[in-house]
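Before any comments, here is the structure.
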Amino acid sequence: FWINLYNVLSIHGVLALGIRASVMEIPSFFGIVAYRVGDFVLTLDEIENGVLRRNAPHPATGVRLFDDDDPRLALCPTHVDPRIHAALVCASTSCPPVAFYEASKLDSQLELAALNYVTSDVEVDDAGRMVRVPIIFRYYQSDFGRTAGVKLFLVEHARGAQREALEAAFEADYELDYHRYDWSLNSMG
């Protein structure tokens with residue numbers, strides 16, 4: 001529910017606000033675009049960082065969005081699943097592809113999203129002795145279990161030659177190199 005709501009809300013926000021090139025045209029986009037859910041109004045930031053990330057500190061500000069007694073905390077899942085970062089779509093080129101998630105298939109769909117994200121956006125650069133990854137892995141490093149957890153996530157969600165290359169790279173202490181985030185609107189095609 002929350003992943004689907006976030007994805008629809010981000011696209012709806014782009015359309016409703018007439019955004020042409022990037023969600024960054026409105027610097028407060030993630031803090032103002034919101035839906036009413038029952039008794040609560042929740043912004044994109046509150047859905048992602050308050051609900052799905054269980055009130056983890058916001059990656060840009062380091063601030064938690066909900067107070068300790070906020071009733072919206074009851075909306076949170078029992079744990080943070082880092083695979084959400086391969087499923088949440090902020091209408092930007094660097095986002096993963098949009099998909100519809102079903103409760104009965106959520107685990108397999110998140111697994112597929114994570115596999116696709118790693119396959120398409122992670123590269124081993126042997127000449128530079130680095131592994132190039134989306135900057136999402138730095139922004140939300142705590143969700144993955146810090147640097148060691150990011151590396152484990154990458155290996156677990158890679159297959160075949162890519163998995164072997166990642167294992168060898170991490171064994172050889174390659175550094176992580178983070179892609180710059182492309183905030184331009186993602187393709188409509």
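The values are calculated or read from the model by the stated rules, or taken from the named source; none is laboratory data. All values derive from a computational prediction rather than experimental measurement. Positions of Cβ are generated from backbone atoms using ideal geometry, with glycine treated the same way; all protein chains shown enter the neighbour counts. These area figures cover heavy atoms from the full protein model, side chains too; ligands, DNA and RNA do not enter into them. Shrake-Rupley method; radii C 1.70, N 1.55, O 1.52, S 1.80 Å.
Apolar share of the accessible surface for the chain: 54 percent from carbon plus sulfur atoms, 1.4 Å probe.
In a reduced charge model with +1 at each Lys and Arg Cβ and -1 at each Asp and Glu Cβ, the range 1-86 shows a dipole moment near 300 debye about its Cα centre. Full extension of the segment from residue 61 to residue 126, taken as 0.36 nm per residue of separation minus the current Cα-Cα distance, would add 20.0 nm. Over all directions, the projected convex hull of the C-alpha atoms in the range 3-48 averages 3.0 nm² in area.
A crude spin-label estimate for the pair residue 108 and residue 148, with each label 7 Å from Cα along the Cβ direction, gives 3.4 nm. Put +1 on the Cβ of each Lys and Arg and -1 on the Cβ of each Asp and Glu in the chain; which of 179, 29, 137 then has its Cα farthest toward the positive end of the dipole? Highest projection toward the positive end goes to 29. Using the alpha-carbon positions of the range 37-126, Rg (one decimal) and Dmax (whole number) come out as 14.8, 52 Å. Over the residues of the chain, the helix contribution to mean residue ellipticity at 222 nm works out to -10000 deg cm²/dmol, using -39500 (n - 2.57) for each DSSP H run of at least 4.
Each Lys or Arg adds one and each Asp or Glu takes one away; over the other residues whose Cβ falls under 13 Å from the Cβ of residue 171, this sums to -1. Here's how it looks for residue 92: its modeled amide H is under 5 Å from those of 186, which are all 5 or more places away or on a different chain.
In this simple spin-label approximation, residue 70 and residue 28 carry label points 7 Å from Cα along the Cα→Cβ vector, and these lie 1.6 nm apart. Restricting the chymotrypsin sites (Phe, Trp or Tyr not before Pro) of the range 94-139 to loop positions (DSSP other than H, G, I, E, B) with no more than 15 neighbouring Cβ atoms within 10 Å leaves 100. Annotation: extensible slack from residue 16 through residue 139 equals 41.5 nm (criterion: 0.36 nm per residue apart, minus Cα-Cα distance). Each listed q (0.13, 0.14 Å⁻¹) maps to a log10 I(q)/I(0) for the chain from the Debye sum over equal C-alpha point scatterers, namely -0.71, -0.82.
Would the range 1-81 count as rounded, prolate or oblate if I go by the C-alpha gyration tensor, calling it rounded below 1.5 in a/c and otherwise prolate when a/b exceeds b/c, oblate otherwise? The shape class here is prolate.
Taking 34, 158, 16 as the candidate residues, the one with maximal mean-square fluctuation in a Gaussian network model of the chain, Cα springs under 10 Å, is 16.
Solvent-accessible area per residue in the chain equals 53 Å², computed with a 1.4 angstrom probe and all protein chains kept. For the chain, the dipole from Cβ point charges (+1 on Lys and Arg, -1 on Asp and Glu) about the Cα centre works out to 320 debye, to the nearest 20.
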